[in-house]
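Asks: Please find one structure pasted underneath; my questions will follow.
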Amino acid sequence: MRDDTCDYLSLFLNDTPLLDVRAPVEFAKGAFPGTTNLALINDEERHRIGICYKQQGQQAAIDLGNTLVCGEERERRLYAWQQWWQANPNGYLYCFRGGLRSQTTQAWLREIGIDAPLVTGGYKALRRFLIDEMEACIANLPLEVLCGRTGCAKTRVIEQQPNAIDLEGLAHHRGSSFGRRPGGQPSQIDFENSLSIALIKQRAAQPVSILVEDESKLIGRCHLPFSLQDQIKSQPRIIIEESLESRVQVTLEDYVIGPLQEYARYFGEHDALKQLGDELLASMDRIRRRLGGIRHQQLRQQLQEALAVQANCGNTELHREWIHSLLADYYDPMYDYMLSRRAGTILFQGSRAEVSAFLNSR
C-alpha cells in the first residue's frame, strides 16, 4: 500500500498517471496533461447534491449521493476505476480539494482490493503549486528568445532543441492570424498548467539557457503570463534571417500543405481541403480592417483562385502569390515594429541553418 502524497513536484516530473474524479464540468474548466476523468458523480448529480448540501447540510447531501449512485450505476463506475487502476498501478487519484469525493472513491476501491493513494489537497493544491512554480521559473530561469520574421521557421528550430519550450505547441496554435488548428485550443488554465510543467521539467534538466519563441501577449486566445511577456521583451535574443522567397516556401508548407494531413484526421480526406480553405478565408477576413478593403479583396481573390486550382489538380504553387504579398506588406512591417520594442542583447543572428548550428554548438 502506498501513502497519500503531497509531493506534487515528483508527480509532474515523472508524468505520474492521475485519476480525476471531479464532475466533467469541473474537468473541462481545467485539468492536467495526461489526466483521466472518471467522475464519482456526473454534472447533474453534482448540481442536485450541491443544492441539497446548501439546504439540508452535509449528511443529507451524502445520503442523496449514495441514493443517486447505487446498484448497477455504482458498479459501472467502480469497474471503470478498476480498469484504470489495472492499467496505471502507480497512479494517484484526486477530487477538487482532496476531500469527500476522492475519499469515497478510495473507500470503494478498497472494497475490491485496490489501495489507491490520494493527492493531498486535490486539484486545488496541484493548481496552486503549478502557478507558484511557473512564476518562480519565469523569474529565475535563464531565458533566450528566438526572433525572426514570419515564415523563417522559428518553430522548426524550437522543436529541434532539447532546452526549448514550444509555446505555440502548448497553445495548439501557430501564433498568427492564420494560426488556428483543428481541434481548438486548450483552456487558459490547461495552457498555464502545461507551461508550468514544461518549465519545471526544464529546470530539473539544468540547461544553460531555455529557448522560447518571440511571442506577443496572445497565442490565439491563450494569454501568456504577464511575467513571461516581460521576460520575452527583455531577455537575450537570437535572430533568424531568411530571404522572402525562403519564407514564402516555409509558410506554404506550414499553413497550406502540412495542415491538410491534420485536417484530414479531423474531417476526413474528402472534406479536408474545404475545411482548410474555409479557415484560410476566415483568417483573411479577420485581418480585413488592418489590410484595408481593396487590399483585402485582392488577397482574398488570390487565395480563392489558389484553393480552386489546388482542389482541381492538387497544385499549390498559386498560393505563393497571396503569401508573398501578405508577408512583405503585412507581417514584415509588424515584425519590424515589434522587434524595435525588444530590449535584450543580440547573441547571434544568421540564417536558420546558421542559428541551428550556433545553438547546437553550445
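Asks: Confirm whether P182 is touching a residue at least 40 places away in the same chain (Cβ under 8 Å), surrounded by 15 or more Cβ atoms within 10 Å (Cβ to Cβ) and farther than 24 Å from C147 by Cα.
Replies: The answer is yes for P182.
Asks: If we keep just the residues of the range 185-213 that are more than 14 Å from the chain's Cα centre (by Cα) and of a type in the set (V, I, T), which is surrounded by the fewest Cβ atoms within 10 Å (Cβ to Cβ)?
Replies: Taking the candidates together, the pick is V208.
Asks: Please note which helices (runs of 4 or more DSSP H) are completely contained in the range 206-314 and include at least 1 residues that are among the polar types (S, T, N, Q), free of Cβ contacts under 8 Å to residues at least 24 places away in the same chain and farther than 27 Å from L146 by Cα.
Replies: 259-267, 293-313
Asks: Then there is this: Could you pull out the residue among R237, R221 that is basic (K, R), open to solvent by 10 Å² or more (accessible area, probe 1.4 Å), under 17 Å from the mean Cα position of the chain (by Cα) and farther than 24 Å from L11 by Cα?
Replies: One residue alone meets the criteria, R221.
Asks: Among the candidates G34, G65, G71, G30, single out the residue that is without any contact (Cβ under 8 Å) to a residue 60 or more places away in the chain and over 19 Å from Q106 (Cα atoms).
Replies: G34
Asks: Would it be correct to say that S216 is under 17 Å from the mean Cα position of the chain (by Cα), open to solvent by 50 Å² or more (accessible area, probe 1.4 Å), modelled with pLDDT under 95 and of a type in the set (S, T, Y)?
Replies: When the stated conditions are applied, S216 passes them.
Asks: Counting just the residues of the range 329-358 that are part of a helix (DSSP H, G or I) and at pLDDT 95 or above, which one comes out surrounded by the most Cβ atoms within 10 Å (Cβ to Cβ)?
Replies: Per the stated criteria, the residue is V355.
Asks: Next question, about the same structure. Go through the range 119-157 and count every residue that is open to solvent by less than 10 Å² (accessible area, probe 1.4 Å) and closer than 17 Å to L18 by Cβ.
Replies: Total satisfying the criteria: 4.
Asks: Counting residues that are more than 23 Å from the chain's Cα centre (by Cα) and surrounded by 14 or more Cβ atoms within 10 Å (Cβ to Cβ), which helices (runs of 4 or more DSSP H) fully inside the range 1-100 reach at least 2?
Replies: The helices (runs of 4 or more DSSP H) meeting that bar are 43-56, 58-68, 71-87.
The values are calculated or read from the model by the stated rules, or taken from the named source; none is laboratory data. This is a predicted model, so every value here is computed, not measured. No Cβ is skipped: glycine too gets one built from the backbone with ideal geometry, and neighbour counts run over all protein chains shown. With ligands, DNA and RNA removed, areas are computed over all heavy atoms of the protein, side chains included. Shrake-Rupley method; radii C 1.70, N 1.55, O 1.52, S 1.80 Å.
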